[in-house]
Amino acid sequence: MGVLVTVTGSDHPGITAALASVLADHGVALEDIEQVVVHGRLTLCLLLDLPGTDSPALRDLLFRAKELGLALDFESLPDARPRPPTTEVAVTALANPISPVHLTALARVLAHHEANIRAIDRLSARGLSALELKAEVLGDGDRLARLRHALLELAIAENVDLAVQPLGLARRSLRLVAMDMDSTLIQVEVIDELARAHGVGEQVARITAEAMAGDLDYEQSLRKRVSLLEGLSVEAVEQVADGLPLTDGAETLVRTLKRLGCKTAVISGGFDVAARRVQQRLGLDHAHSNALEVVDGRLTGRVLEPIVTPERKVQLLEQIAAAEGIPLTQTVAIGDGANDLMMIERAGLGIAFHAKARLRAAADTALTHGGLDRVLYLLGVRDRELDPA
């Protein structure tokens, strides 16, 4: 028979040792244990293999708990029946703050999809702005896909960020994070900035918007936009590259990833001058982007081969992973536009960052609020583990 013992009270050192010693003295088998401390209040659950609730071990546990200033309760549990197959998932909720309304809506969606919440952990240090819920989802991958779609709809309706990922070794061993540059690692589109410097900003911006929304073939749109830059001086290009604003949280994200032992890369359909600057500023391990043809110190309006198309982004992700000896299941790809879609689908974890609807729907998860450092919450990193400086 299983007996579940629940101990509650003010937390202090020595509780687990004292109670475990009672079990050891009586030779009781411990089948399971879980503990949580919330604002100094302890809840400790022990599943014991006992013949009944009249065991001397329970009597001594009660006495020992009382000496420690704790309350102890217990109940008999029926023999465990075979459990249906489940998938363990982590559901990350991000809002400022997470309200009871958010939590109610989230819990109802999980219950509707037969996802049982097993644990809730706060990731944010100040205020309730980041939560991770560990849950078990009944059934196969189809049910998980439906849950993910429902959470995406809820995130849009409630103006929060919600992500669901399978728990397992892959999540805990991510080793390569590849990021788009324009509107991801930096706040602007480089080609738009170059166009403004050359007096063709409005023409290029219209083509950029159509390309990022997926309404134009990427390679054709790139060549068309670059042709409008013909005659721009290299000095003007470098001046733009020197003034590119990093996205909020980019430095914290990269520093923390490096501290975790992750390799980092920028894979961009933008331009090499800007990508090299971003690589240097952030200390990225790899940088791949398009090269603009230059003759006599000025742009010719042409892009050198090979062009970083959506297909090329996937090839570069695979090449970097292979060179570093990293399986694709242990990679993360982050982007915002349609040209990132294939790379995000190929990576072990694809994250749409402040992205268009099409990319959000295709990615494993999406962030629509805040800075790039919020990516770390999706990896289960808590605020106290971040490296902000």
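The values are calculated or read from the model by the stated rules, or taken from the named source; none is laboratory data. Predicted model, so just to flag it, every value in this text is computed and none were measured. We place every Cβ from the backbone using ideal geometry, glycine too, and count neighbours over all the protein chains shown.
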Taking the criterion of being modelled with pLDDT of 95 or more, of a type in the set (D, E, K, R) and surrounded by 14 or more Cβ atoms within 10 Å (Cβ to Cβ), would at least one residue in the range 217-229 satisfy it? no
How many residues does the range 107-122 contain that are within 24 Å of Cys45 (Cβ to Cβ) and either outside any strand (DSSP E or B) or modelled with pLDDT of 95 or more (or both)? 4
Hits in the range 244-282 (condition: modelled with pLDDT of 95 or more and exposed (fewer than 15 other Cβ atoms within 10 Å of the Cβ)): Pro245, Asp248, Gln280
Output for the range 15-33, where each listed residue is within 16 Å of Leu72 (Cα to Cα), touching a residue at least 12 places away in the same chain (Cβ under 8 Å) and within 37 Å of the chain's Cα centre (by Cα): Ile15, Thr16, Ile33
Would you check if there is a residue in the range 90-101 being in the same structural domain as Asp161 (by TED's automatic domain parsing), free of Cβ contacts under 8 Å to residues at least 40 places away in the same chain and β-branched (Val, Ile, Thr)? no
From (1) of a type outside the set (Phe, Trp, Tyr); (2) farther than 28 Å from Leu147 by Cβ; (3) touching a residue at least 12 places away in the same chain (Cβ under 8 Å), pick out the condition that doesn't hold for Ala363. (2)
For the range 37-48, how many residues are in contact (Cβ under 8 Å) with a residue 24 or more places away in the chain and out of contact with any Asp or Glu (no Cβ under 9 Å at 6 or more places or on another chain)? 0
Of those in the range 11-46 that are outside any strand (DSSP E or B) and among the hydroxyl-bearing types (Ser, Thr, Tyr), the residue farthest from Ile120 (Cα to Cα) is Ser21
Return yes when Ala71 is not charged (D, E, K, R) and not assigned by TED's automatic domain parsing to the domain that holds Asn159 and no when it is not. yes
Could you pull out the residue among Ala205, Ala195 that is part of a helix (DSSP H, G or I), surrounded by fewer than 23 Cβ atoms within 10 Å (Cβ to Cβ), on the phi < 0 side of the Ramachandran plot and not polar (S, T, N, Q)? Ala205
What number of residues within the range 334-361 satisfy the criterion of being of a type in the set (A, V, I, L, M, F, W, C) and either under 15 Å from the mean Cα position of the chain (by Cα) or within 26 Å of Leu128 (Cα to Cα) (or both)? 8
Do we find that Gly269 is in a loop (DSSP other than H, G, I, E, B), of a type outside the set (Ser, Thr, Tyr) and in contact (Cβ under 8 Å) with a residue 40 or more places away in the chain in this structure? no
Can you name the condition, by its number, that Thr8 falls short on among (1) part of a strand (DSSP E or B); (2) among the hydroxyl-bearing types (Ser, Thr, Tyr); (3) over 36 Å from the mean Cα position of the chain (by Cα)? (3)
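Residue-by-condition table, conditions (1) of a type outside the set (Gly, Ala, Ser); (2) not assigned by TED's automatic domain parsing to the domain that holds His369:
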| residue | (1), (2) |
| --- | --- |
| Lys134 | yes, yes |
| Val137 | yes, yes |
| Ala145 | no, yes |
| Asp161 | yes, yes |
| Glu193 | yes, no |
| Gly201 | no, no |
| Arg206 | yes, no |
